[in-house]
1. Mind checking which residues of segment 399-431 are under 17 Å from Met48 (Cβ atoms) and part of a helix (DSSP H, G or I)?
2. Looking only at segment 306-319, which residues are more than 30 Å from the chain's Cα centre (by Cα) and not in a loop (DSSP other than H, G, I, E, B)?
3. Output the residues belonging to segment 176-225 that are farther than 15 Å from Asn166 by Cα, open to solvent by 30 Å² or more (accessible area, probe 1.4 Å) and either without any contact (Cβ under 8 Å) to a residue 12 or more places away in the chain or hydrophobic (A, V, I, L, M, F, W, C) (or both).
4. In segment 157-170, is there at least one residue being open to solvent by 10 Å² or more (accessible area, probe 1.4 Å), part of a helix (DSSP H, G or I) and either of a type in the set (Val, Ile, Thr) or in contact with a Cys (Cβ under 9 Å, 6 or more places away or on another chain) (or both)?
5. Taking segment 437-452 as the search range and keeping residues that are outside any loop (DSSP other than H, G, I, E, B) and buried (at least 17 other Cβ atoms within 10 Å of the Cβ), which one is nearest to the chain's Cα centre (by Cα)?
6. Scan segment 28-47 for residues that are open to solvent by 20 Å² or more (accessible area, probe 1.4 Å) and among the aliphatic types (A, V, I, L, M) and jot them down.
7. Pro243 - would you say it is surrounded by fewer than 16 Cβ atoms within 10 Å (Cβ to Cβ), touching a residue at least 24 places away in the same chain (Cβ under 8 Å) and more than 21 Å from the chain's Cα centre (by Cα)?
8. Just a yes or no: is a residue in segment 17-26 assigned to a loop (DSSP other than H, G, I, E, B), on the phi > 0 side of the Ramachandran plot, in contact with a Gly (Cβ under 9 Å, 6 or more places away or on another chain) and modelled with pLDDT of 90 or more?
Amino acid sequence: MTSPDPEQQRTEAAGPLRVAVIGSGPAGVYAADALTRQHRVPVRVDVMDRLPTPYGLVRYGVAPDHTRIKGVARVLRTVLEHPHVRFVGGVEFGSDLTREDLARSHHAVVYATGASVDRRMGVPGEDLPGSVAATDFVNWYCGHPDSELERFVLDSEEVAVVGAGNVALDVARVLLKTSDELRHTDIPQPVLEALAASRVRTVHLLSRRGPLQAKFTAPELRDLLALPGADVLVDPGQVDIDPARIGGGPPELSRVARAARTNLRLLSRQAGRPPRGLPRRLRLHFWARPQEVLGSDRVRGVRVEHTRMDADGRLVGTGTGEDLAVGMVLRSVGYAGAPLPDVPFDPVERTVPQEAGRVLGPEGRPVLGDYVAGWAKRGATGVIGTNKSDAAATVRSLLEDAPGLCDALPEPVPLERVLDERGLAHSGYGDWLRIDAAEAEQAERLGRGERVKLHGWRAYRGVIERGGAQETREDSAS
């Protein structure tokens, strides 16, 4: 029989460890899951978000026609329904609540705010009307409440999407699908109607490098190539590559090589197919780097330079190129983190500096009680599932520190008191369930799939206000 751990006994005697998780996307919810799955330290977790809806990029970043990936929300839902987890929506960290506020009510804070800022191309004309971040378009078609319906009119016949990652492929695919093909998805009805009126007929996908360096995955590429109403045009010369040149090496390189071979095989097969004369088309331009967005009052085109890899593996220009007569440019060249008030930030890496998930201060020492998970921790890399192991690693560090955290704050005040003192109204999990039910009812009324998202803050507030008084869970607040 093992003797009791004195540190564990001391933590239990001090009451539950209270943790605030900032952000209710996969990283934040997986952090709450890791905290509540362990039994060494009793915990109470408040998952906080500025939106009244949870799930982050699962709800507002995954393309509406990727219904299988959206199924992750069902897993995340079970975490938010744990008796020791509470969802606190409508509260923004840094403006509504500060780190100083949370230092009174929680022993620890886990920052899981993602990477919400799009990277820029850095070319002339990038700020012309009609040149926008792909993230803005994704927010629009995913029904993010911050996105206005009038943001995208889609009155240009030709559009350029800059980037060769999965988001770029999502954007191109949504632009090229018909409204009938999207009707079964959860896309908001006003957005579906705007897409039905779209004049877009040609999408140019621009990749600075070649097909072997593309970041998109094979499933995303297959979805794009399977578009029923669009011809996908691939230049045979750009995919005429001997697969034997894609080497093996260490396990990680071998995995990358296998993915590159699969993509090359799919693209080569597509290059050998003649166009079918479909009403819409996608042109893949590898080795094409935007040099300038053309136009005076709005986007009238994009100038691209052809590129190649030199002997040292560096991307260089060839001095040749072409102008594409597009009326809109959507850049999808990566995400970056944004600094949070009173939280250390690395402006070069665009992440929160950390070691094993512990936030590091200016002197490189851990900041007591501050932790980070997800894209804010490692940058915009990995898939949704990557956040699970990432969050678990952060939580292990937090639990190791639990005795010292409880000593530093022996008697935390209830979060409700802090919110009341700040005069902050907030929404809860019950309000989210009402929104969820309203979206299911809307889908049934419109004859469209399982759910149709509400559009805009006004619709969300209307559902919450009709729901009456906020519901709270006493077991979470005790």
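1. Residues satisfying the conditions are Leu415, Glu416, Arg417, Val418, Leu419, Asp420, Glu421, Tyr429, Gly430, Asp431.
2. His306, Arg308, Met309, Val316, Gly317, Thr318, Gly319
3. Hits for segment 176-225 are Asp180, Ala196, Ala197.
4. For segment 157-170, residues open to solvent by 10 Å² or more (accessible area, probe 1.4 Å), part of a helix (DSSP H, G or I) and either of a type in the set (Val, Ile, Thr) or in contact with a Cys (Cβ under 9 Å, 6 or more places away or on another chain) (or both): present.
5. Result: Glu439.
6. Result: Ala34, single match.
7. No, not satisfied.
8. Residues of segment 17-26 assigned to a loop (DSSP other than H, G, I, E, B): 23-25.
Narrowing further to those that are on the phi > 0 side of the Ramachandran plot: 23.
Now restrict to residues that are in contact with a Gly (Cβ under 9 Å, 6 or more places away or on another chain): 23.
Add one more test, that the residue is modelled with pLDDT of 90 or more, and what stays is 23.
Within segment 17-26, one or more residues are assigned to a loop (DSSP other than H, G, I, E, B), on the phi > 0 side of the Ramachandran plot, in contact with a Gly (Cβ under 9 Å, 6 or more places away or on another chain) and modelled with pLDDT of 90 or more.
The values are calculated or read from the model by the stated rules, or taken from the named source; none is laboratory data. These figures come from a predicted structure and were not determined experimentally. Reconstructed Cβ throughout: ideal geometry from the backbone, glycine too, with neighbour counts over all protein chains shown. Just the protein is used for accessible areas: all its heavy atoms, side chains included, with ligands, DNA and RNA removed. Shrake-Rupley method; radii C 1.70, N 1.55, O 1.52, S 1.80 Å.
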